Amino acid sequence: DPFSTDPPRHPALIVNNPKPFNAETPPSLMMDNFRTPNDLFFVRNHLPVPKTDVEKHRLRVEGLGVGEGKEVDLSVAELKKKYKEHYVTSVVQCGGNRRADMQKFKKVAGLMWEGYAISNAKWTGVRLRDILIDLGVDPADERIKHVHLEGADVDPTGKPYGASIPFEKAMSPEVIIAYQMNDEDIPADHGYPLRCIVPGVVGARQVKWLTLVRLSDVESPSHFQQKDYRAFSPSVQHGEELDWNSVPSIQDYPIQSAFCLPASGTTVDRDSATSLPFGPVVLAEYSFPKDGTVDVAGYAWSGGGRGIIRVEVSPDGGETWYSAEMEQDPDQNQDKMWAWTLFRASIPIPEGAQTMDLVVKATDRSYNTQPETAAGIWNIRGLLHNAWHHVEVKIRG
Ligand code: MTE
Ligand code: MO
């Protein structure tokens, strides 16, 4: 069993597939921390977790602009010693997040992620840009178009997981070769000892157990770059022959938001609070307000560093909207916002309502907002689902 050496995992993770291991962060715990704790960070593995050794691990850097004979094999210690340390608080979100929700609209193929294949952490490491410039790479070299990234995890034929990002993105200061996650060594599931963090970009390009950086004129030939993580038009149906070259690889993520609380199907008493207030609370001393509202909370995030300018929630399927309160990284601005936004609101329960169709949608710095339904964005692989998120609750009393 190639998975027998996979690491132990937190029992609260919601397992989507055991081998390879794929699991979501429990939504009920997601709001407790702005930075997702390492053992609750969602996991998306395509292959067995590789056995890596921090002493023996090497990061090879090669390709166009580096020059023959100038390739390097950096140890983790050399990398830490040679380059300045930087950190970035940044989201990883799978391109398949909320696929299960798109499936409700029409059948899609892939792992049925609900809405919690997304997490946010502080990543510490060195800038990819600093390494490349040190190796003599010219940021204006027009031959270089893409940067390939490979991991130590391999398929049964020996092929590693691979991806690529545009050269211009690779040279941006936010792109980091990380060795720490939330101030600890990166755990085995998340890429120990090195991982490429590409803020604002889909999870699939943020290669774990990083062993290779290659500068090239073309995108990575990897299956995961060429034949996966591309969203087709809704006109393309199951069973059709797919022309993968007709659609570009997913890079920057579109705008997204979803509720974490309450869970769908929750019964809410009209006259009592539905959930605890945010932050630490002494239960015995807390008096529940009888305020006729339902408390909601969740996350919002957009790719490309586009900050979230507002989150709106609706009690009635989108007829009426209220602005939610937002929590953001105070060190990031609206044009370079790599971390997520957490939101919360107390929504008044409409007079006479017996059920509520709660909706959330967010708006980013470019005034992009989410589509109302999946109708126009449905695609056979169920990628990048970001339609309005709905949660149904029942009202008692
Ligand atoms: N890197 C390697 N080497 N192998 C993988 O299977 N999965 C990718 C990406 N990097 C993957 C990888 C995908 S599709 C996602 S969504 C993220 O890692 C998930 O990161 P996480 O497991 O730390 O949440
Ligand atoms: Mo993913």
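The residues in the range 218-263 that are part of a loop (DSSP other than H, G, I, E, B) and either surrounded by fewer than 14 Cβ atoms within 10 Å (Cβ to Cβ) or hydrophobic (A, V, I, L, M, F, W, C) (or both) can be counted, and the count is 20. I'd like to know if the range 78-90 contains one or more residues that are within 13 Å of ligand 1 (Cβ to nearest atom) and crowded, with 20+ Cβ neighbours inside 10 Å. Yes, the range 78-90 has at least one match. Scanning the range 34-68 for residues that are assigned to a loop (DSSP other than H, G, I, E, B), closer than 25 Å to residue 332 by Cβ and within 15 Å of ligand 1 (Cβ to nearest atom) yields 35, 36, 37, 41, 42. Selection within the range 134-162: residues that are buried (at least 20 other Cβ atoms within 10 Å of the Cβ) and acidic (Asp, Glu). The member of this set that is nearest to ligand 2 (Cβ to nearest atom) is 153.
If you go through the range 71-109 and keep only what is among the acidic types (Asp, Glu) and either within 16 Å of ligand 2 (Cβ to nearest atom) or not in a loop (DSSP other than H, G, I, E, B) (or both), you end up with 73, 78, 85, 101. Contact map, the range 222-238: first residue under 17 Å from residue 94 (Cβ atoms) and in contact (Cβ under 8 Å) with a residue 40 or more places away in the chain, second residue assigned to a helix (DSSP H, G or I) and more than 11 Å from ligand 1 (Cβ to nearest atom), Cβ cut-off under 8 Å, separation 6 or more or different chains; pairs are 230/244. Applying the set (1) over 16 Å from the mean Cα position of the chain (by Cα); (2) within 16 Å of ligand 2 (Cβ to nearest atom) to residue 115 leaves exactly one unmet item: (1).
So how many residues does the range 174-210 have that are of a type in the set (A, V, I, L, M, F, W, C), under 19 Å from residue 301 (Cα atoms) and within 14 Å of ligand 2 (Cβ to nearest atom)?
Kept after step one, since they are of a type in the set (A, V, I, L, M, F, W, C), are these residues of the range 174-210: 175-178, 181, 186, 188, 194, 196-198, 201-202, 204, 207, 209-210.
Keeping just the survivors that are under 19 Å from residue 301 (Cα atoms) gives 175, 197-198, 201-202, 204.
Imposing the further condition that a residue be within 14 Å of ligand 2 (Cβ to nearest atom) reduces the set to 198, 201-202, 204.
The number of residues fulfilling the criteria is 4.
Values quoted throughout were computed directly from the atomic coordinates according to the rules given, and no laboratory measurement underlies them. This one's a predicted model, so the numbers in the text were calculated from it and none came from an experiment. Counting neighbours? That spans all protein chains shown, and the Cβs are built from the backbone with ideal geometry, glycine included.
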